[in-house]
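One structure is given here, and the rest of the page talks about it.
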Amino acid sequence: MKENPIILFDGVCHLCADSVRFVINRDPGRRFRFARLQSAVAQQLLREHNVTPDDLDSVVLIYQGRAFTKSRAALRTLLLLNGAWPVMGMFLLIPRCIADPVYDYIGRHRYRWFGKMDACWLPDTAHCGQFLDVDEDLE
């Protein structure tokens, strides 16, 4: 059986939380698992996959034993969704040296454009089982 894809995201970012809800709504098989970057679970997963947790300002997709960050994480996530979203995978042809600066630009402005929550976002009870860190109390 394939390993479930895991998305690590900024739990206080409105854009990030909305992105997680976007994935949940397009994942009827509930394959995806999630954890907030602020959680101990996420920090452990980052260490296990040799991703530096200290200066990370990116969504992370962990899938099939590999960790993908920035534009590659976002685009590979689209490849795994149902419907027409995998077509967006064609943007993986854009070199990282172009795609990641665009990702970084949005990342630097995400709080200003989309807002920041006072505490980490939690899923509704119907989806708690998909969150690896649901029992952690994060501020």
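Only one residue in I98, I24, I62, I7 is aliphatic (A, V, I, L, M) and more than 16 Å from the chain's Cα centre (by Cα), so which one is that? Steps first, answer last, please.
On the way: I24 fails: more than 16 Å from the chain's Cα centre (by Cα); I62 fails: more than 16 Å from the chain's Cα centre (by Cα); I7 fails: more than 16 Å from the chain's Cα centre (by Cα).
On inspection, the qualifying residue turns out to be I98.
Looking at D133, D118, which one is acidic (D, E) and exposed (fewer than 12 other Cβ atoms within 10 Å of the Cβ)?
Being acidic (D, E) and exposed (fewer than 12 other Cβ atoms within 10 Å of the Cβ) holds for just one of D133, D118, which is D118.
Which residues, taken from the stretch 118-137, are in contact (Cβ under 8 Å) with a residue 40 or more places away in the chain, over 17 Å from the mean Cα position of the chain (by Cα) and closer than 15 Å to A17 by Cα?
Selection gives D118, A119.
Here are R30, R72, R47: which of them is within 18 Å of E3 (Cβ to Cβ) and either hydroxyl-bearing (S, T, Y) or assigned to a loop (DSSP other than H, G, I, E, B) (or both)?
Working: R72 fails: either hydroxyl-bearing (S, T, Y) or assigned to a loop (DSSP other than H, G, I, E, B) (or both); R47 fails: either hydroxyl-bearing (S, T, Y) or assigned to a loop (DSSP other than H, G, I, E, B) (or both).
Criteria check complete, one pass: R30.
Residues to consider are N25, N4; find the one that is surrounded by fewer than 18 Cβ atoms within 10 Å (Cβ to Cβ) and touching a strand residue (DSSP E or B) at 6+ places or on another chain (Cβ under 7 Å). Working first, answer last.
Working: N25 fails: touching a strand residue (DSSP E or B) at 6+ places or on another chain (Cβ under 7 Å).
Sole residue among the options that is surrounded by fewer than 18 Cβ atoms within 10 Å (Cβ to Cβ) and touching a strand residue (DSSP E or B) at 6+ places or on another chain (Cβ under 7 Å): N4.
Considering each residue of the stretch 70-115, count those that are free of Cβ contacts under 8 Å to residues at least 40 places away in the same chain and among the hydroxyl-bearing types (S, T, Y), and give that number.
Adding up the residues that qualify gives 2.
Only one residue in A42, A67 is more than 17 Å from R108 (Cα to Cα), in contact (Cβ under 8 Å) with a residue 60 or more places away in the chain and of a type in the set (G, A, S), so which one is that?
Selected residue: A42, the only one of A42, A67 that is more than 17 Å from R108 (Cα to Cα), in contact (Cβ under 8 Å) with a residue 60 or more places away in the chain and of a type in the set (G, A, S).
Just the residues that are at pLDDT 90 or above, among the aliphatic types (A, V, I, L, M) and not in a helix (DSSP H, G or I), please, taken from the stretch 79-138.
L80, L81, I94 - these are the residues of the stretch 79-138 that are at pLDDT 90 or above, among the aliphatic types (A, V, I, L, M) and not in a helix (DSSP H, G or I).
For R33, state whether it is closer than 21 Å to A126 by Cα, surrounded by fewer than 20 Cβ atoms within 10 Å (Cβ to Cβ), at pLDDT 95 or above and of a type outside the set (G, A, S).
Criteria met by R33.
Can you tell me which residue is nearest to I6 (Cα to Cα) among those in the stretch 50-69 that are among the small types (G, A, S) and assigned to a loop (DSSP other than H, G, I, E, B)?
Ranking the candidates gives G65 first.
When you scan the stretch 13-22, how many residues do you find that are of a type outside the set (S, T, Y) and surrounded by fewer than 20 Cβ atoms within 10 Å (Cβ to Cβ)?
5
In the list L81, L46, which residue meets the criterion of being closer than 18 Å to R26 by Cβ and surrounded by 14 or more Cβ atoms within 10 Å (Cβ to Cβ)?
Unique residue meeting the criteria: L81.
The values are calculated or read from the model by the stated rules, or taken from the named source; none is laboratory data. Because the structure is a prediction, the values reported are computed rather than measured. For neighbour counting, all protein chains shown are included, and Cβ atoms are generated from backbone atoms with ideal geometry for every residue, glycine included.
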